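Quick notes on the structure that follows.
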Amino acid sequence: MANLIKLFLSFFKIGAFSFGGGYAMLPLMKEIVIDEHHWLVNSEFIDILAISEMTPGPIAINMATFLGYRVGGFLGSVVATTAVVLPSFIIMSLIFHFVNKFKGSPLSDYFFRGIRPVVLGLIASAAVSVAMDAYIDLKAVLISLVLFYFITFKNLKAIPAIIIAGIAGVIVY
Amino acid sequence: MLLDLFKTFFKIGAFTIGGGYAMIPIIQEEIVDKKNWVSEEDFMDVIAISQGSPGPIAVNVSIFIGYKLKGVKGALTCMLGTILPSFLIILLVATVFFRFRNNPVISQAFMGIRPAIVALIASAVYKMAKKSHLKGIRLLIAIATSLVIVFTDISPIYLIIIAGLFAILYYSRKDGKGEP
């Protein structure tokens, strides 16, 4: 029981204080999971990261489910996963009501008009940082360029594109 | 409608490899292009809000869109749909397949999938930029933002807040001019 409470509090904290999502959450996760509670050693943490990268879903969820299971079995995984998304749920609920209240007011309209180019820039930067990891050789760049063409101009959908890329990876590597 | 929401976000959760922004093109395709649940512009606002709030972006986006479409029930449904695939898969990995990552076929497949993720994100940026007629100063802001994020440690939250405040100043003055 004590373990479950610790799991809940730790992952609630991770959910509540990690801004930026994805890799931006790792430093805090590492601090809580390794330094504070010694649930994992460093190499295990990296292993779980690798698994997170290979499996679908947000890294924070993967980490919570995996660690919850290790610390407290199935119940532990439910507790940790719930705890990590609970802050999101609370905060997004508040923001939703807040935004709805101010929707249509010129100030919020100006604000959102102004941030749209920034959001585009943020997403573009994500493409760059994924590319730094993904472009291991010319073949990888080629896969990327060909898929970009078909996705953008020939209406290839995301999920078939991922499946095709996985098959291409097995064939060329 | 709730079942449809659940199925859509379950699909998004199940096919979003790499987390974070990698899910944006898939969500965009499903809920903007295919289902027309939110407009392109609203979708970008949702991304900005999700980025500026703590927690996984995918989860934040799904909660917000759930609220927009079906209130609190919709928010819970979409959130559950998004997290359930990873929960189930990781449970499977933790119990049975912990060693599957050493399988050469799987790692080869992922060497092909990672470049595809780049293509997906780049294509989403291209389409959004085209639809929102991004040029001039706004194009410069977008490029400057990505350079700052790639080359410095400055948090995206600050960039969003600064851009928003400047826009309020800029557009208030501009709109105010024509009035008596």
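The values are calculated or read from the model by the stated rules, or taken from the named source; none is laboratory data. Since the structure is predicted, the reported quantities are computational estimates derived from the model, not experimental observations. Please note: Cβ atoms are built from the backbone with ideal geometry, for glycine as well, and neighbour counts cover all protein chains shown.
Figures for the structure shown
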item: Any hit, the range B:41-56, residues being more than 23 Å from B:Leu134 (Cα to Cα), at pLDDT 90 or above and hydroxyl-bearing (Ser, Thr, Tyr); result: no
item: Among the candidates B:Pro85, B:Pro25, residue that is part of a helix (DSSP H, G or I), within 9 Å of chain A (Cβ to nearest Cβ) and touching a Pro at 6+ places or on another chain (Cβ under 7 Å); result: B:Pro85
item: Criterion (under 30 Å from B:Ala144 (Cβ atoms) and touching a Lys or Arg at 6+ places or on another chain (Cβ under 6 Å)) met by exactly one of A:Pro117, A:Pro27, A:Pro106, A:Pro58; result: A:Pro117
item: Failed item, numbered, when B:Val150 is tested on (1) within 26 Å of B:Asp33 (Cβ to Cβ); (2) facing chain A (nearest Cβ under 7 Å); result: (1)
item: Criterion: aliphatic (A, V, I, L, M), touching a Leu at 6+ places or on another chain (Cβ under 8 Å) and more than 7 Å from chain A (Cβ to nearest Cβ) - qualifying residue of B:Leu76, B:Leu69; result: B:Leu69
item: Single residue of the range B:136-180 satisfying the filter (of a type in the set (D, E, K, R) and surrounded by 10 or more Cβ atoms within 10 Å (Cβ to Cβ)) that is modelled with the highest pLDDT; result: B:Arg138
item: Residue count for the range A:102-140, restricted to those that are farther than 17 Å from B:Glu41 by Cα, more than 7 Å from chain B (Cβ to nearest Cβ) and part of a helix (DSSP H, G or I); result: 3
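Rundown of residues vs (1) under 22 Å from the mean Cα position of the chain (by Cα); (2) more than 27 Å from A:Phe12 (Cα to Cα); (3) not polar (S, T, N, Q), yes/no style:
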| position | (1), (2), (3) |
| --- | --- |
| B:Ile57 | yes, no, yes |
| B:Asn60 | yes, no, no |
| B:Ile65 | yes, no, yes |
| B:Leu80 | yes, no, yes |
| B:Leu84 | yes, no, yes |
| B:Leu92 | no, no, yes |
| B:Pro104 | no, yes, yes |
| B:Phe110 | yes, yes, yes |
| B:Ala119 | yes, yes, yes |
